[in-house]
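I have placed the structure first, in the form of structure tokens, so that the comments after it can refer back to it.
The values are calculated or read from the model by the stated rules, or taken from the named source; none is laboratory data. This structure is a prediction, so every number in the text was calculated from the model and none was measured. Counting neighbours? That spans all protein chains shown, and the Cβs are built from the backbone with ideal geometry, glycine included. Protein only, heavy atoms only, side chains kept; ligands, DNA and RNA dropped before computing areas. Shrake-Rupley method; radii C 1.70, N 1.55, O 1.52, S 1.80 Å.
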Amino acid sequence: MIYLVYGVTASGKTSVGKLLSEKLKVPFYDADDFHPSSNIKKMKNGIPLNDSDRKPWLKILRKNIESWQKDGSAILACSALKESYRSILMDDMKIPMQFILLQSPISTLKKRLESRKEHFISPTLLDSQIKTLEVPEYGIRVDSNVELEELVKLIVKKVSKTNDLGVIGMGTMGKNLSLNISTKDFSVSIYNREVKGKEENVAGDFANKNKDYNLMPFNSLPEFIGSLTSPRKVFLMINSGHPTDEILTQLMMILDPGDIVIDLGNSYFIDSQRRSKFLAQKKIHFLGIGVSGGHYGARNGASFMASGDKYVYKMISPIIEKISALDNNGKSCSSNLGSDGVGHFVKTVHNAIEYGEMQLIAEIYHLMRFHLNMNIDKISNVFKKWNKSDLSSYLLEITSKILDTKVNGVHIIDLIDDKAESKGTGAWGLINSIETGVPFDTLSSSLMFRYLSSMTDERKMASDTYQINLKKGVIDEKIIEKAYSAARVINHGLGFNLLQKTSVKYRWDLNLSEIARIWTNGCIIRSKLMNDWIEILSNKSFEHPLLHVSVVKELKKLQPSLSELLSVAIKLNCSLPVHSSSLNFFLSFTNKSLPSVIIQAQRDFFGMHGLNFKDESQMKNFNHQW
Ligand code: 6PG
């Protein structure tokens, strides 16, 4: 850490710096000792230095700072009047610095200057320096017009304040997470980037509004890092992709070996593996942790899907466990699930299941509302009733609340644009299912449905052109309940199967039962059903989650209702893409002989791609002479 004691001439930089050096047991340097003789001559003659005089001097200082930093800490007394000068000193934020600005009334400064005999600064330079000084938002500012001992005591108190951890990114999730952590008796530094006109003093404003919490705001990254105890624990809660890489590049330059960066955002798991390797070049640790629970979970307890070195995780697990939701047995919904990238992969599959679960509820709402003559209140009541049964889930609970919400007397659901967006995790899940060659029909149709929902103009034209008759009919509520239940079991089974097959592919040895356990609370797909999966998945010997004896028993009971629901819904011209993709998957999965025989024959017919006969003792990988 470099402590920069700065300010105009006669503000007390040297005396403060020297005493501070004694108190902190850190070497002291005076920037004046590094001026080239031409600068000293100018100053003695009362000629103010200009930018081109100062640049070479600042560069010499920066070189020295680099070597002082290698040996540990140092205190530098330097005028550093302009932002651009300070930027040179900290090498564009690569060097962690604590800024201590000394301020005094002009009259005091003038008096001090007049009493100086030896110093080469001419008193006439004071006015020019005061004009040049750019006072920044960041750093410590102290009134140096007090007794020296007292002043340095105050500075020591301010600079030695070190926090347990830092959170970067003050979006909704970052803010709520910081509040959650700070209520668990951890002191938290918070940082948000500065973007003129868009993101200004975000961390400062947030800390101001939440004075009862233990939050220390920063808008300078080096200062933020400088405020943390070693090894530093830096939690990232920022947008995935480029912004994450950008901040990691900056952190790489200012963090020290042994420090820990924890990415809590939704990141693609391959990126997390790459980032871990990137930081490892400087022996900085990286942990990728998927977090689910939205802003409420971030504030009150979420589900944390962690991964990375187990010894490194141990250093932060006391924090994670305290901010997690608790399962039915009071255990925290957090776990270190494996090596680099695994946590973010598991979060991706969580979201893939989430896509299916959201869509299934949406389809039932649509069927009931527009084809079964049920009004919004009635549908909400059905969801409430289901939520007291084995179908209970967080998503069902919030959907009935959504249906109950009105704006100016109108149901909000009738005011919202019907375009569903997606931020990427669904697509990542699908890419992975494609790359691993594992079907996840409910995910693909959920995702395709979101894309289709955004084609508003075409949809309107198609609706006007085709004038499809949206018919009304009757379906027994019990049939709908069982059909929905069957589709959910299939959706979950496909998600867990993707986890299992990917685990085998990469030799991750994922503990699926433990994953189900940490998904029983805090996360978006928490439900009664998830509790059942803990037990189901504890048996490691099944080929596919849908082949577990208890799942088989359940689906044998439920599937006929799914078939019935769809046959009626199709006749009513009601589309239920995810219910039907779950049934289609199921009917194909459970059928020993599939029409793929024709596809394989066609491939060989037109492209000589090869054939196998079923009977393994017969022809293998041959081309038929069609
Ligand atoms: C969660 C959510 C959360 C977020 C999704 C939104 O588990 O807390 O999944 O991560 O809501 O990223 O994803 P889409 O924008 O893709 O729907």
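What would the Debye equation give as log₁₀ I(q)/I(0) for the chain at q = 0.06, 0.08 Å⁻¹, counting only Cα atoms as equal point scatterers?
After summing over all Cα pairs, the log10 values are -0.47, -0.72.
Please report, largest first and rounded to whole Å, the three semi-axes of the ellipsoid equivalent to segment 50-171, where each semi-axis is the square root of five times an eigenvalue of the C-alpha gyration tensor. Before the final figure, lay out the partial values.
Working: eigenvalues 141, 83, 45 Å².
Its equivalent ellipsoid spans semi-axes of 27, 20, 15 Å.
log₁₀ I(q)/I(0) of segment 326-471 at q = 0.17, 0.18, 0.22 Å⁻¹, via Debye over equal Cα point scatterers, no solvent, to two decimals?
-1.19, -1.26, -1.41
For segment 165-346, take the convex hull of the Cα atoms, compute a quarter of its surface area, and give me that in nm², please.
9.6
Determine the distance separating the Cα centre of segment 565-619 from the Cα centre of segment 380-457; give it in Å without decimals.
That distance is 27 Å.
Fully extended, how many nm does the chain gain between Asn300 and Asn208 (0.36 nm per residue separation, minus their Cα-Cα distance)?
On the way: separation 92, 0.36 × 92 = 33.12 nm, distance 2.09 nm.
Length gained between Asn300 and Asn208: 31.0 nm.
For Ile190, which sequence-distant residues (separation of 5 or more, or a different chain) have an amide H within less than 5 Å of its own amide H, given hydrogens modelled in the peptide plane?
Excluding prolines and chain starts, which carry no amide H, the hits are Val167, Met216, Phe218.
Calculate the spin-label point distance for Asn621 paired with Lys282, positioning each point 7 Å from the Cα along the beta-carbon direction, and give it in nanometres.
The answer from the label model is 5.0 nm.
In the chain, what percent of the accessible surface is made up of carbon and sulfur (1.4 Å probe, ligands and nucleic acids excluded)? Display every interim value, and only then the final one.
On the way: 16020 of 30440 Å².
Taking all protein chains in place, the chain shows 53 percent carbon and sulfur surface.
So what is log10(I(q)/I(0)) for segment 459-498 at q = 0.26 1/Å, when the Debye sum runs over its Cα atoms only?
Reported log10 I(q)/I(0), two decimals: -0.79.
Between segment 251-321 and segment 45-101, how far is it from one alpha carbon centroid to the other, in angstrom?
With segment 251-321 and segment 45-101 each reduced to a Cα centre, they are spaced 33 Å.
Measuring with a 1.4 Å probe in the full set of protein chains, what accessible area per residue, in whole Å², belongs to segment 165-346?
Working: 7160 Å² over 182 residues.
Per-residue accessible area for segment 165-346 comes out at 39 Å².
Taking just the alpha carbons, could you work out the radius of gyration and Dmax for segment 484-626, both in angstroms?
So, for segment 484-626, Rg and Dmax equal 19.2, 60 Å respectively.
Can you flag which of Lys63/Lys277; Lys347/Lys423; Lys385/Lys571 are past 19 Å Cα-Cα?
Lys63/Lys277; Lys385/Lys571
Hey, with R₀ at 30 Å, roughly what FRET efficiency would Lys110 and Ile60 work out to, going by the Cβ-Cβ distance, to 0.05?
Numbers: r = 30 Å, r/R0 = 1.00.
It comes out at approximately 0.50.
Between Asp476 and Ser392, what FRET efficiency follows from the Cβ-Cβ distance if R0 is 22 Å, with the result rounded to 0.05? All intermediate terms of the calculation are to be shown ahead of the outcome.
Values: r = 21 Å, r/R0 = 0.95.
Computed FRET efficiency for Asp476 and Ser392 comes out at 0.55.
Name the residue farthest towards the positive end of the dipole of segment 350-589 from the options His492, Phe589, Leu562, assuming +1 on Cβ of Lys and Arg, -1 on Cβ of Asp and Glu, about the Cα centre.
Farthest towards the positive end: Leu562.
Within the chain, what's the longest stretch lacking GluC sites (Glu not before Pro) that sit in DSSP loops with no more than 14 other Cβ atoms inside 10 Å? Each step should come with its number before you reach the end.
Values: sites that count: Glu118, Glu134, Glu137, Glu147, Glu200, Glu421, Glu543, Glu616.
Answer from the scan: 201-420.
Any chance you could run the full-extension gain for Gln600 through Lys23? It's 0.36 nm times the residue separation minus the Cα-Cα distance, nm to one decimal.
Values: separation 577, 0.36 × 577 = 207.72 nm, distance 8.05 nm.
Stretched out fully, the Gln600 to Lys23 stretch lengthens by 199.7 nm.
Run lengths n ≥ 4 of DSSP H only: what is the helix-derived mean residue ellipticity at 222 nm for the chain, with -39500 (n - 2.57) per run over all residues, to the nearest 500?
Details: 26 runs with 330 residues, N = 626.
Helices in the chain give a 222 nm mean residue ellipticity of -16500 deg cm²/dmol.
Among Val156, Asn50, Leu101, which residue has its Cα positioned farthest towards the positive end of the charge dipole of segment 2-159, with +1 placed on the Cβ of Lys and Arg, -1 on the Cβ of Asp and Glu, and the dipole taken about the Cα centre?
Highest projection toward the positive end goes to Asn50.
What are the lysines whose alpha-carbon lies under 22 Å from the alpha-carbon of Lys153, with same-chain residues fewer than 8 places away excluded?
Within reach: Lys13, Lys18, Lys23, Lys25, Lys161.
Tell me, what ³J(HN,Hα) does each residue in segment 178-187 have, in order and in whole Hz, if you take phi through Karplus 6.51 cos²θ - 1.76 cosθ + 1.60 with θ = phi - 60° and put x for Gly and Pro?
4, 5, 4, 5, 5, 7, 9, 6, 10, 8
Taking the C-alpha atoms of segment 388-433, how large are the radius of gyration and the largest Cα-Cα span, Dmax, in Å?
Considering segment 388-433 through its Cα atoms, Rg and Dmax are 15.2, 45 Å.
Within segment 473-501, find all residues whose amide N lies under 19 Å from a label point positioned 7 Å from the Cα of Phe370 along Cα-to-beta-carbon.
473-475
Quick one: length gained pulling Ser453 to Lys198 fully straight, 0.36 nm per residue minus the C-alpha distance? Working shown, then result.
On the way: separation 255, 0.36 × 255 = 91.80 nm, distance 3.06 nm.
88.7 nm is the gain from fully extending Ser453 to Lys198.
Taking the Cβ-Cβ separation of Ser550 and Thr162 as r and a Förster radius of 56 Å, what is the calculated FRET efficiency to the nearest 0.05?
Numbers: r = 52 Å, r/R0 = 0.93.
The pair Ser550/Thr162 has a calculated efficiency of 0.60.
Along its principal axes, what span do the Cα atoms of segment 350-589 show, with the longest given first and each in whole Å?
52, 36, 35
Residues of segment 1-59: accessible area per residue at 1.4 Å, in Å²?
Details: 2740 Å² over 59 residues.
Averaged over the residues of segment 1-59, the accessible area is 46 Å².
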